[in-house]
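The structure appears right after this line, and notes come after that.
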Amino acid sequence: MKNYQEYLEDGCPECGGNIIDSSCEKVCKECGLVINKIFNDSSYSFKDQANKNHSCKQYVALGDRTDYIGGLGSYIGFESSRYLKDKYGKLLSPNEQRLYRRLKKNYSQFLRIKNHETEYRIFNILNKITHYLNLNKNIKNNAAYYYRKIIKSEEKVINNISLIAFCIFFAVRKENHNAPITIKEIAIIFQKFGHRVNSRLILRDGLKYKKYLMSNANPHKSEDYLNRLIHQVMAHNNLNERMSKKGINWTKEEFQNFLLKKAIEILEKLTSWKRGGRNPFILTGAIIYLADKLIAKEYKKKSILTQKMISEATNIAEYSIRDHYVNLLKPCFIE
């Protein structure tokens, strides 16, 4: 059987296509076959050790997962089972049912999380948030890994919930996720689950605790957000009506391709010096608005998108789109 490195050299074993990285997996670019998984440092957790050996700074404990708090050993029955059975599948007697239910209850609710109640609560929140945002398992494990690393290095954490929110944001950036999540979006999701977290608290934790992660991550650019925001604009409820009203005979897919191609041309001409450190997320929304106007001028048609439509689709303030368009983009691209 071929090993992993041979697959990378020879290509896909099914169709011979190129192998690419997709999230935490190696897949074929042509047929989508999953070749192998990528395992990061998220499977490791930090543990105290009496022997100060500096050759290895990460340690693994049997029965301990990075994103989970629990004890060694197995459960009595299934976690949510009400009636317990023996190894042959026969129900236990009523007296034994009461005995093992009591043991199961005491073990599952107290002993597993004793002295780790805060971490248990935080990791439950982490699991809910990552599931809601549809983030892959690698991002969840890395966020838990960063959280454990920070609380091990910091004597007193100001707010554990805002800290795990920052860890999720940091893990997404390190993963180079296809659709980068902004701090504001993460704060809104936490608020939906009833947690008092806002963008300011996440930024505060980022400035305070980032030193423990020793990161050299590069900041996001507008190019990273382009596909995502264009997709959101294409999903606007009034887009079809707007295209029909303006007499546009393109399909939504054709308009999306025109929009993406023109936006890429704009970004190639817009140097880092011209961008001047502006918010890349907001700038992307303004670029989509400009691209629509340039397409209309090129094909001698009426422009389709409005600042209000883009604002509603992307949750970017309408005045922010207008400010970036009028003060930065219009003088450079509209004669």
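Quick note: the coordinates plus some simple rules give every number you see, no bench work behind them. Here the structure is a predicted model, which is why all the values come from computation and not from measurement. Don't worry about glycine lacking a Cβ; one is built from the backbone with ideal geometry, like all the others, and counts go over all protein chains shown.
List of remarks:
- Working ranking of peptides 181-193, 247-259 by packing, defined as the average number of other Cβ atoms within 10 Å per residue, highest first, is 181-193, 247-259.
- Karplus-derived 3J(HN,Hα), 6.51/-1.76/1.60, for each residue of the stretch 257-263, Hz, glycine and proline x: 5, 4, 5, 5, 4, 5, 5
- Summary of the geometry: the stretch 260-288 and the stretch 221-259, compared by the centres of their Cα atoms, lie 17 Å apart.
- Count Lys and Arg as plus one, Asp and Glu as minus one, and take only other residues whose Cβ is under 9 Å from that of residue 332; the net charge is then +3.
- Spatial separation of Cα centroids for the stretch 122-137 and the stretch 292-335, in angstrom: 35
- Amide H contacts under 5 Å for residue 26: 35, 36, 37, 38, restricted to partners 5 or more places along the chain or on a different chain, H placed in the peptide plane at 1.01 Å from N.
- Sorted by Cβ density within 10 Å, fewest first, the residues 15, 167: 15, 167
- Residue-count net charge about residue 191 - beta-carbon cut-off 15 Å; Lys, Arg +1, Asp, Glu -1: +4
- Pairs with C-alpha atoms separated by more than 31 Å, drawn from the list 211/308; 174/252; 184/252; 87/152; 184/302; 174/293, are 211/308; 174/252; 87/152; 184/302; 174/293.
- Structural size metrics of the stretch 230-275, computed from C-alpha coordinates, are Rg and Dmax of 13.3, 39 Å.
- Phi-based couplings in Hz for the stretch 195-210 (Karplus 6.51, -1.76, 1.60; Gly and Pro marked x): 9, 7, 10, 10, 4, 5, 5, 5, 5, 4, 5, x, 5, 7, 10, 4
- Where labels lie 7 Å past Cα in the beta-carbon direction, separation of residue 153 and residue 317 in nm: 3.4
- Based on the Stokes-Einstein relation at 4 °C and a viscosity of 1.567 mPa s, and on the Kirkwood radius from alpha carbon pairs, the stretch 117-212 is assigned a translational diffusion coefficient of 99 µm²/s.
- Amide H contacts of residue 279 (H built 1.01 Å from N, under 5 Å, at least 5 apart or other chain): none
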